[in-house]
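*Asks:* Below are the structure tokens for one structure; questions will follow.
The values are calculated or read from the model by the stated rules, or taken from the named source; none is laboratory data. It should be emphasised that the depicted structure is a prediction, and the values quoted were computed from it without experimental measurement. Cβ coordinates were reconstructed from backbone atoms using ideal geometry, including for glycine residues, and neighbour counts include every protein chain displayed.
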Amino acid sequence: MEARALWLLLLVLALGSSGWAEQDVGQLESQCVFPAKERVNCGYPNIDQEACTNRGCCFDSSIRGVPWCFKPLQEEECTF
């Protein structure tokens, strides 16, 4: 029984330190999809995807000439 508990603990620790258990800082995909010309820079030159998303920003390096690390769209609050 102790061996099972040890293996379970090791599995949990391994998953916790792997990419499987990582979560984005909180940006929904829909907050990061909008025209490239509307992007507002959120990073610095040569920032990588991990550093960008750790700042709470979106990352898309597929379009040249626009910021790759950019601020997400803010959801508008509903007012009644």
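*Asks:* Quickly run through the range 17-62 and pick out the residues that are at pLDDT 95 or above, β-branched (Val, Ile, Thr) and exposed (fewer than 14 other Cβ atoms within 10 Å of the Cβ).
*Replies:* Within the range 17-62, 40 is the sole residue that qualifies.
*Asks:* What are the residue pairs meeting all of these: first residue in the range 61-73, first residue in contact (Cβ under 8 Å) with a residue 24 or more places away in the chain, second residue of a type in the set (Gly, Ala, Ser) and not in a loop (DSSP other than H, G, I, E, B), Cβ atoms under 7 Å, and 6 or more apart or on different chains?
*Replies:* 63/36; 66/36
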